[in-house]
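One structure is given here, and the rest of the page talks about it.
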Amino acid sequence: MGYTIAQKIIKEHLLSGDMTAGQEIALRIDQTLTQDATGTMAYLEFETMGLDRVKTEKSVAYIDHNTLQSGFENADDHRYIQSVAEKHGIYFSRPGNGICHQVHLERFGKPGKTLIGSDSHTPTGGGIGMLAMGAGGLDVAVAMGGGAYYITMPKMYKVNLTGKLKPFVSAKDISLEILRILSVKGGVGAIIEWGGEGIKTLSVPERATITNMGTELGATTSIFPSDEITREFLKAEGREEDYIPLSSDPDAVYDKVIDINLDTLVPLIACPHSPDNVVTVESIKGTKVDQVCIGSCTNSSLLDMLKVAALLKGKTISPSVSLSISPGSKQVLTMLSDCGALSDIIASGARILECACGPCIGMGFSPNSAGVSLRTFNRNFEGRSGTADAGVYLVSPETAVAAALTGVITDPRDLGTMPEIKMPESFKVNDTAVLDPAGSDAAEGVEVLRGPNIKPFPTSKPQENSLTATVALKVGDNITTDHIMPAGAKILPYRSNIPHLSQFCFGVCDKAFPERAKSLGESIVVGGANYGQGSSREHAALVPMYLGVRVVITKSFARIHVANLINAGIMPLTFKNADDYDKIEQGDSLTLSGVFEGMDKGEITLKNETKGKEITLCCSFTERQKAILKAGGLLAYTKEGK
C-alpha cells in the first residue's frame, strides 16, 4: 500500500508513535512561525523553559496583527518580540512587511518540510507542499526548543479536481464549495490532499487560498503536491533550490474521496455567520452592500491584487460603499506600485490599508451598525468584524469588486469580460524588513525589553482525583474561539496581559461570565458540538484557566482547542450520550469522582448534585496527556523534565 503526500512527510519526521489514524504521534518540526497577537505569550513560554537558542531550521516572528498603535501596549509587545527574537535565534519580520502566511509562502516555505505556527491559518503553507499546521503558542514554544509536536494521526481525505475554472470563478469559490459539501466540522481529524488533473490549472497562490480555507473545515491541514507549478513559483521568488517534487503514490488509500468538477462551479458566497453557510451569489444578488474588504491571508497575493486592479481600472466604486484593500506583503505592494496597478486601485476610490491582517482580525475598518460587509477573508463569525450586528459575507476578489462597483451583491459574471492577468516571471525580492538574529556569541549581550503591559505567564492547578464545582456557563454548538476570547482593536493589545484580558472572556455570550467565574473560584463550562472552532489562540484556554475553569464538557471539540485546553491544565470531556447535554444547566453543582481511574478507562462519571442525576462522560487521553493534566499543564510538565 502506497503513501499519501502527508503520510510521506509524517513518515520522514516521525519521532514516535504509530501511523495509524487515531493514534498519538510525535513529529520533528523544521520551521515555526508566530504572529504578534500570539507571539508574546509563546516567547514568554519559551523563556520560561530556560533555553538559549531555538533548535529548528527556521523560526520566524511576524508582526502583522496588532499593528494599530493607539497606545503603548502594541508597540511594547513588538519591541519585546524583536529583542527576544534577536537573542534566541529567531528571524523577525517587521511591521509592514506583511501577513505571516503570505510572507512565509513567498520567502521561507519549503516543500516536504514541517511547519507549525501559533495561528490557525498556518496550513496556507500546504499550497507549496508543506505539512503546515496551526498550534497553540505553548506547542510552538516547545517545538522551538527542539521538542516534538504531538498530534493524533489524522485520517486521509482526497479531493479530486477536474476541468478548469470559468472566468470570474476562482480558488475562493473552490474553498466555499468544499465548505458547502463538508461543513465546518467535516474535516475534523483529517488531512485533506488536493489532486486530480484540475490542480494543474491552479497557481501556488490559488492553491494557498484553498489550503488556508481548509482551516475552516476543522481539518488538521490541507496539502497540494509539489510539482512544476511549485517549481515555477519558487523560481520566481529566487528560491528554485528549495524545490523538491512531492506527490502521493498511485496506490495510496484514502478514507474519503470527493470529486469537484471545476467546469460547473459558479461564484459562491458564505452568508452570516458561518463559513459553511454557502449559497450561490446569483441567489442573493441585489442585497445592499455597505462595505467591501479585500485582503487577508486568504486573498492578498499579487495574483489576487492584479485581478482586483484590472477589474477596477477606469471605474469608480459606488458612493454607498467603502472599499478597503490590504496587500498581503511588502513584495506585493511594491510590485503593484511598480506596474501601475496600485494607481488603478487608488483611482477607483478604494482605501489602501497596511500590509497586515487589519479588518480580518477586527483591527480597524469595522462596518457601520447593522451594515453588510463583503470580505475576501476566511471567517465571518458574529462580532469578529468589531461590529456586533454587522452581516459579514465571505466572497472571492471578483465578487467583492462587483459589489464595490454596483453597491449591491452582484454576480461578477455580469461585469462583462474578465481581463487577462499576466503574472511576472520573477518577483521583486527585498528581505530588508526581515531582521536576522544575533549570532550565538553576541546573543548573550542582547537585552530583552519588557513593557509594563507584559505580565507573567499564569499558573494552573494540577488536576485532582475528585472535583466539585459549579457550571459557570452553558453555551450551544459551534462556539468559536472568538466567542471565548474575542479579538479586535480594543482587546488584542492585552494578549500579553492575561489578568486584564480576562474581563472580556466569553463577552460575546455572557458579559457577566468573568466576574461570576472569579467569584466561584473553581468552575466548569458546558458546551455543544464543535466547541472551540476557529483560531488557534491559546488565550481561549489560558484565560478560562486564569478565571478558575477546571473542566470543559461538550458534545465535541475542535482539534487545536482541545490541545490548548490540555496544555493549560483544563480537562476536556465529552458526553457519551449527546442528549445528556440537556441534563445540565448553568448554576448546577457537578461532582467528578474517580478522575484518574476514569482517565485510564476512558469514561468518567459525573453526578449533577443539583438535579440528582448521573451522567457518563468520555475522554481519550494519551499517557502523555494524562501526565500533563496531572502536572497542571504542559509548561509545568515540561519544567518537571518530562
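Bear in mind that the values in this text are calculations on the coordinates, not laboratory data. Everything numeric in this text was worked out from a predicted model, so none of it was measured. Glycine also receives a Cβ, built like all others from the backbone with ideal geometry; neighbour counts cover every protein chain displayed.
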Expressed as an acute angle from 0 to 90° and rounded to the nearest 10, what is the orientation of the C-alpha long axis of helix 72-88 relative to the principal long axis of the chain?
80
Ranking of VAL595, VAL448 by count of other Cβ atoms within 10 Å, fewest first:
VAL448, VAL595
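Please state, as a whole number in µm²/s, the translational diffusion coefficient that the Stokes-Einstein equation yields for the range 538-642 at 25 °C and 0.890 mPa s, with Rh defined as the Kirkwood radius across alpha carbon pairs. Intermediate results must be reported in sequence, preceding the final value.
On the way: Rh = 14.2 Å.
Here the translational diffusion coefficient equals 172 µm²/s.
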Whichever lysines have a C-alpha closer than 21 Å to that of LYS607, once near sequence neighbours (fewer than 8 apart) are set aside
LYS474, LYS555, LYS576, LYS583
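Divide by every residue of the chain the summed helix terms, -39500 (n - 2.57) for each DSSP H run of at least 4, and state the resulting mean residue ellipticity at 222 nm, rounded to the nearest 500 deg cm²/dmol.
Working: 20 runs with 179 residues, N = 642.
Here the helix-only value at 222 nm equals -8000 deg cm²/dmol.
Let me check against my output: what whole-number percent is the relative contact order of the chain, with C-alpha pairs under 8 Å and at least 6 apart? Please list the in-between numbers first.
Working: 1638 pairs, mean separation 92.2, N = 642.
Reported relative contact order: 14 percent.
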Give the Debye-formula value of log10 I(q)/I(0) at each listed q (0.06, 0.11, 0.12 Å⁻¹), with one equal scatterer per alpha carbon of the chain, two decimals each.
-0.30, -1.06, -1.27
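For the range 5-264, what proportion of DSSP beta bridges, expressed in % and rounded to the nearest 5, is antiparallel?
Values: 9 of 39 bridges.
Of the beta bridges lying entirely in the range 5-264, close to 25 percent run antiparallel.
How would you rank 184-191, 412-419, 311-318, highest first, on the average number of other Cβ atoms within 10 Å across their residues?
On the way: 184-191: 22.0, 412-419: 15.0, 311-318: 16.8.
Ranking the peptides 184-191, 412-419, 311-318 by packing returns 184-191, 311-318, 412-419.
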In degrees from 0 to 90, rounded to the nearest 10, what is the angle of the helix 171-182 Cα long axis to the longest principal axis of the chain?
40
Quick calc of log₁₀ I(q)/I(0), the range 1-131, Debye, one scatterer on every Cα, no solvent, q values 0.11, 0.12, 0.13, 0.21 1/Å, result -0.43, -0.51, -0.59, -1.23
Taking N as the number of residues in the range 5-264, what is its alpha-carbon radius of gyration divided by 2.2 N^0.38 Å?
1.00
Fraction in percent of alpha-carbon pairs per bin - 10 Å, the range 467-639:
10, 42, 38, 10, 1
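If packing is taken as the average count of other Cβ atoms within 10 Å, what order do 148-159, 207-218 fall into, highest mean first? Can you show the working numbers first?
Numbers: 148-159: 21.5, 207-218: 29.0.
Listed from highest to lowest mean packing, they are 207-218, 148-159.
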Of the DSSP beta bridges with both residues in the range 141-259, give the percent that are antiparallel, rounding to the nearest 5.
15
In degrees rounded to 10, the 0-90 angle between helix 302-312 Cα long axis and the longest Cα principal axis of the chain is 50
In whole Hz, with x marking every Gly and Pro, tabulate ³J(HN,Hα) for the range 407-419 from phi via Karplus 6.51 cos²θ - 1.76 cosθ + 1.60, θ = phi - 60°.
x, 9, 4, 9, 5, x, 5, 6, 6, x, 9, 6, x
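Nearest 5 is fine: what % of DSSP beta bridges in the chain come out antiparallel, could you say?
Values: 32 of 90 bridges.
Restricted to the chain, the bridges split so that about 35 percent are antiparallel.
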Two decimals is fine: what's Rg over Rh for the range 209-269, C-alpha atoms, Kirkwood radius as Rh?
1.03
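In what order do PHE377, PHE621, PHE46 fall by count of nearby beta-carbon atoms within 10 Å, going from fewest to most? Don't skip to the end; give the middle numbers.
Numbers: PHE377 32, PHE621 19, PHE46 25.
The fewest-first ordering by Cβ neighbours comes to PHE621, PHE46, PHE377.
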